[in-house]
Amino acid sequence: MKSAEIVQRFCMDLAEVTCPTCFEVFEVAVPHPDEMPAEVDYDCEVCCRPMMIVFTEDEVYAKGLGD
Ligand SMILES: [Zn+2]
């Protein structure tokens, strides 16, 4: 057993998003609920392409900047 306890202690939720460019899945930190909905600029951890990650109260998804 490793991460669950640590995640709670840091009060940080992670969400999985799929890169719109390379379709790899990676984890991002979810903003505080008070800041929802939020849009965050992010560079893919795999292919380093920029994207916009959209956080709402019930979903998280990434969209490419070029579309
Ligand atoms: Zn990517």
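Quick notes on this structure:
- Of all residues in the stretch 23-41 being touching a residue at least 24 places away in the same chain (Cβ under 8 Å) and surrounded by 13 or more Cβ atoms within 10 Å (Cβ to Cβ), the one that is nearest to the chain's Cα centre (by Cα): 28
Residues checked against (1) part of a strand (DSSP E or B); (2) at pLDDT below 95; (3) in contact with a His (Cβ under 7 Å, 6 or more places away or on another chain):
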site	(1), (2), (3)
7	no, yes, no
15	yes, yes, no
22	no, no, no
26	yes, yes, no
34	no, yes, no
46	no, yes, no
52	yes, no, no
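The values are calculated or read from the model by the stated rules, or taken from the named source; none is laboratory data. Because the structure is predicted, anything quoted here is derived from the model rather than measured. We place every Cβ from the backbone using ideal geometry, glycine too, and count neighbours over all the protein chains shown.
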